[in-house]
Amino acid sequence: MTPDRTTMPPHGVNLTASPHLKTALELAAAGVPVLPLRAGKVPFGNCRTCAHGACGGRPHMKSAGTCHCPAVCHAWAAATTDTTVITSDAWASAWRQAAAVAYHPGGAGLTIVDLDNADAVAWARQTLPRTRTVPTTRGEHWLYRGATRSANAVRPGVDVKSLMQYARWLGPGTGTMAALPPAVRALVVKEETTPAPGEVVSSLPERATWDRTVATGCRHTDDYVRTGLDRGLAMVRARTESGAASQAFGVARFLGGQHAQCPGPCGLDAIGRQIVAAAVSVGVPEDYAHRAVTNGLQTAEESAE
Ligand SMILES: [Zn+2]
Ligand SMILES: [Zn+2]
Ligand SMILES: [Zn+2]
């Protein structure tokens, strides 16, 4: 029997009407901080007071503020195990519209290696110690005990989600959870000690922007390259809240793919530097941005072969 929505009380807990809230309370009881996700499986937007960071952010955010907003503002930073908050009136409307439950892995002392596709899963099976795994739409979440910093696009199709990140709850998964291995910690702290293939850091002229003089072997018109680049940079710059590194990865992969059939050189390193700069301008640490873009260009190259 489905409860008639029109007779539901405007506030308060109705577990029958909100299966996601029921899941969230079970997770919270197990010490896992939770938050609702809206349609599209993304966090609810900030309330008017918190919009565009006007409130300064919550105290435990990277740029710490004094926000104690009772609503589900600030994405992962709203996650909590406090059942009073989770069942509050301020969260009730979010639960009624919720499309999924998310959790803050770092807050639960966990790290998720988020493998986006079959190639990424194959890489993990060869490289990482067995642990608890959860199937996702196209790949798997590998869960490890222990928290670490998060990083997007540490390899093609691989994100590390722990501190200051949320992940969709897709069930408890199967297998025994292992301790966070050094191999995963290395992915998120690795310094760029060796130049990526095709890139000779020390000898390249540090051109700030792409132009024809660095793309002597490109079969495209200047307009074509510039239009694509401008659109890509705008997409990265629009990610002011989150996801800029993933976006930079996607843009690099897309723009790199445009030149898969060119004899080259196409000035892809200059294009890459502009994407990195765009990501840095919206708060992505430079080493993350650089890694995301390098991986994106490499993925374009590999999938063209
Ligand atoms: Zn708010
Ligand atoms: Zn706020
Ligand atoms: Zn080209």
Q.
I need the full set of residues from the range 265-300 which are of a type in the set (Asp, Glu) and in contact (Cβ under 8 Å) with a residue 60 or more places away in the chain, in order please.
A. Asp269, Asp287
Q: Search the range 61-104 for residues being under 19 Å from the mean Cα position of the chain (by Cα) and more than 21 Å from Ala24 (Cα to Cα), and hand back the single one that is farthest from ligand 2 (Cβ to nearest atom).
A: Lys62
Q. Which is over 19 Å from Gly109 (Cβ atoms) and within 15 Å of the chain's Cα centre (by Cα), of Val158, Val188?
A. Val158
Q) Got a sec? Which of Thr84, Thr80, Thr111, Thr66 is of a type in the set (S, T, N, Q) and not assigned by TED's automatic domain parsing to the domain that holds Ala28? A) Thr111
Q: Write out, first by first residue and then by second, each pair whose Cβ atoms fall under 8 Å of each other, whose residues are 6+ apart or on separate chains, and whose first residue, in the range 238-264, is closer than 11 Å to Gly228 by Cβ while the second is open to solvent by 50 Å² or more (accessible area, probe 1.4 Å) and of a type in the set (Ser, Thr, Tyr).
A: Gly257/Ser303; Gln258/Tyr224
**Q.** Condition check for Gly65: away from ligand 1 (no atom under 16 Å from the Cβ), out of contact with any strand residue (DSSP E or B) (no Cβ under 6 Å at 6 or more places or on another chain) and closer than 27 Å to Pro285 by Cβ
**A.** no
Q. Residues in the range 19-39: is at least one within 20 Å of the chain's Cα centre (by Cα), open to solvent by 30 Å² or more (accessible area, probe 1.4 Å) and modelled with pLDDT under 95?
A. yes
Q: Identify the residue in the range 219-268 that is β-branched (Val, Ile, Thr) and more than 24 Å from Val158 (Cα to Cα) and, among all such residues, is nearest to ligand 1 (Cβ to nearest atom).
A: Thr227
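The values are calculated or read from the model by the stated rules, or taken from the named source; none is laboratory data. Just so it is clear, the model here is predicted, and its values are computed rather than measured. Counting neighbours? That spans all protein chains shown, and the Cβs are built from the backbone with ideal geometry, glycine included. For the accessible areas, the whole protein counts, side chains as well, though only heavy atoms, and no ligand, DNA or RNA atoms are used. Shrake-Rupley method; radii C 1.70, N 1.55, O 1.52, S 1.80 Å.
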